[in-house]
Amino acid sequence: MCRNGGRLVTKPPNPSTDCSTDFEPDSLSVTEARRCILGDVRALTETERVALPTALGRVTAVDVRAGLDVPSATNAAVDGYALRGTELPQAGFHELRVAGTARAGHPWRGSLGAGACVRIMTGAALPEGADTVVMQEHVEGTADQVRLAAGVATPGANVRQAGEDIRAGGIALKRGRRLRAADLGIAASVGAAELLVTRKLKVAFFSTGDELCPVDGGKPPAPGMIYDSNRYSLHGLLGRADLEVHDYGIVSDDRVALEKLLSKAAATADVVLASGGVSVGEADLVRETLASLGNVRFWKVAMKPGRPLAFGAVGRACFFGLPGNPVSVLVTFHQFVLPALRRMAGERETEPLLLRVPCATPLRKRPGRVEYQRGVLCRTPEGVLTVTGTGAQGSGILRSMGLADCYIVLPMEQGEVRAGELVEVQLLAEF
């Protein structure tokens, strides 16, 4: 949910009005806009308990503690022979009697005495008295007796100690962790058949514009109309396990219809997303409607693409008015909406990973805005990681996103980029 209230943020990040730059005085910087958003949104407090196989992608609501040591018993890391470390010869050879066999799930019962060893399989509990395992490849002998050479192992070798992964009572998974495949295995290893997670965020979204039409059986759009690609991009962006998504379709450029739909969406959702209608055109009604129903925190960011971005609240729901251009929708979602969704789901803060690599080709840019140019990472024959642009970078060229595997992040003060110059890249895989 969003904190109610809040004034329109208009503080400019730079007083410059030099027309040789792309800066607009009433724009927020990317950093200021992100800080404003994350300062306004609140983490959900409602939780639910889910079965472990269905927990992938959810966010833990409490620390998950281990009720037992992992591993639960000291065990063999390899197939071989369990013995006392003091039995390892310092020189020459030493023979040991094979007292029995231990297998995973079938431990050898008894206490290992001097001059004896136990044939042991990977994962089997170490017999009482043993503290070392010698790999079977390093042992000669028969089923009843084996011979060890000096230097085949050191005391304590090839043994996994009880609790060396997680101690009983220790934290297996921290609160606020978005669960990955390995995390499900960790939870299973401590016997957690269910996990307490933050409830699913409810996200409603729609597109605005009289020119939009749905993709309907492949029929060509009427003259002056275009397919609504943004809704399908948003479907993909919102296709996450921790979200309950509601698609409200397309709303026309009509103030009454927009107010009605926005009120309906805000009444049931935690977050409302609209694409289009947040610029300064005569038919761009979203920002004005938002101001009448709730509040607008800001509506312009010094970035490219994605300058017209409205953020505010309607009732208890956060609202994002995304630009109408297809690339801008994706960029602003990645840079602003996704961090907000993560914060609201209770996820611990993680700064995006930025890599610094040489740019293989020159890039055009004017100072005044942060640019998120679409790029492709590759390696030179010498193995050096470089990045190159995907071609034309217009905010309506959606194919530039389809070709990209990263953003080339160019700071506000950056001008033209020369070939070979170091630039920062943000991997799309992070999103």
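The values are calculated or read from the model by the stated rules, or taken from the named source; none is laboratory data. Computed from a predicted model, the values in this text were never measured in an experiment. Note: ideal-geometry Cβ built from the backbone for every residue, glycine included; neighbour counts use all protein chains shown.
Just the residues that are of a type outside the set (Gly, Ala, Ser), farther than 19 Å from residue 22 by Cα and buried (at least 16 other Cβ atoms within 10 Å of the Cβ), please, taken from the range 392-411. Quick ask: steps written out before the conclusion?
Let us first name the residues in the range 392-411 that are of a type outside the set (Gly, Ala, Ser), namely 393, 397-399, 401, 403, 405-411.
Applying the additional criterion that residues be farther than 19 Å from residue 22 by Cα yields 397-399, 401, 403, 405-407.
Correct list: 397, 398, 401, 406, 407.
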Original post:
Counting only residues that are part of a loop (DSSP other than H, G, I, E, B) and polar (S, T, N, Q), which one in the range 375-402 is nearest to residue 428 (Cα to Cα)?
Top reply: 390
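It is to be established whether one or more residues within the range 320-336 are touching an Asp or Glu at 6+ places or on another chain (Cβ under 8 Å) and modelled with pLDDT under 95. Steps first, answer last, please.
To start, the set of residues in the range 320-336 that are touching an Asp or Glu at 6+ places or on another chain (Cβ under 8 Å) comprises none.
No, that holds for no residue.
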Original post:
Quick one: which helices (runs of 4 or more DSSP H) sit completely within the range 258-346 and have at least 2 residues that are of a type in the set (D, E, K, R)?
Top reply: 286-293, 338-344
Subject >> Single residue of the range 268-288 satisfying the filter (among the aliphatic types (A, V, I, L, M) and modelled with pLDDT under 95) that is surrounded by the most Cβ atoms within 10 Å (Cβ to Cβ) >> reply: 274
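Yes or no: residue 287 outside the structural domain of residue 412 (by TED's automatic domain parsing) and either among the aliphatic types (A, V, I, L, M) or touching a residue at least 60 places away in the same chain (Cβ under 8 Å) (or both)? Break it down stepwise before answering.
Working: outside the structural domain of residue 412 (by TED's automatic domain parsing): yes; either among the aliphatic types (A, V, I, L, M) or touching a residue at least 60 places away in the same chain (Cβ under 8 Å) (or both): no.
It is false that residue 287 is outside the structural domain of residue 412 (by TED's automatic domain parsing) and either among the aliphatic types (A, V, I, L, M) or touching a residue at least 60 places away in the same chain (Cβ under 8 Å) (or both).
Quick check on the range 136-159: of everything there that is of a type in the set (Val, Ile, Thr) and more than 50 Å from the chain's Cα centre (by Cα), which residue is surrounded by the most Cβ atoms within 10 Å (Cβ to Cβ)? Lay out the reasoning, then the answer.
At the first step, the residues of the range 136-159 found to be of a type in the set (Val, Ile, Thr) are 139, 142, 146, 152, 154, 159.
Among the residues that remain, those that are also more than 50 Å from the chain's Cα centre (by Cα) are: 142, 146.
Values: 142: 8, 146: 21.
Step by step, filter the range 136-159, then rank; the result is 146.
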Original post:
Can you name every residue in the range 75-109 that is in a loop (DSSP other than H, G, I, E, B), within 13 Å of residue 157 (Cβ to Cβ) and touching a strand residue (DSSP E or B) at 6+ places or on another chain (Cβ under 6 Å)?
Top reply: 77, 78
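Got a number for residues in the range 45-73 being farther than 30 Å from residue 159 by Cβ and either in contact with a Phe, Trp or Tyr (Cβ under 9 Å, 6 or more places away or on another chain) or outside any strand (DSSP E or B) (or both)?
Count: 10.
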Original post:
Name the pairs: first residue in the range 358-386 and within 29 Å of residue 32 (Cα to Cα) and not assigned by TED's automatic domain parsing to the domain that holds residue 326, second residue small (Gly, Ala, Ser) and in a strand (DSSP E or B), Cβ to Cβ under 7 Å, at least 6 apart or on different chains?
Top reply: 363/389; 373/389; 374/389; 375/389
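From the list 345, 291, pick out the single residue that is surrounded by fewer than 18 Cβ atoms within 10 Å (Cβ to Cβ) and out of contact with any helix residue (DSSP H, G or I) (no Cβ under 9 Å at 6 or more places or on another chain). Explain how you work it out, then say what you get.
Values: 345 fails: surrounded by fewer than 18 Cβ atoms within 10 Å (Cβ to Cβ).
291 is the lone residue from the list that is surrounded by fewer than 18 Cβ atoms within 10 Å (Cβ to Cβ) and out of contact with any helix residue (DSSP H, G or I) (no Cβ under 9 Å at 6 or more places or on another chain).
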**OP:** Identify the residue in the range 169-213 that is in contact with a helix residue (DSSP H, G or I) (Cβ under 8 Å, 6 or more places away or on another chain) and closer than 27 Å to residue 258 by Cα and, among all such residues, is surrounded by the fewest Cβ atoms within 10 Å (Cβ to Cβ).
**Re:** 202
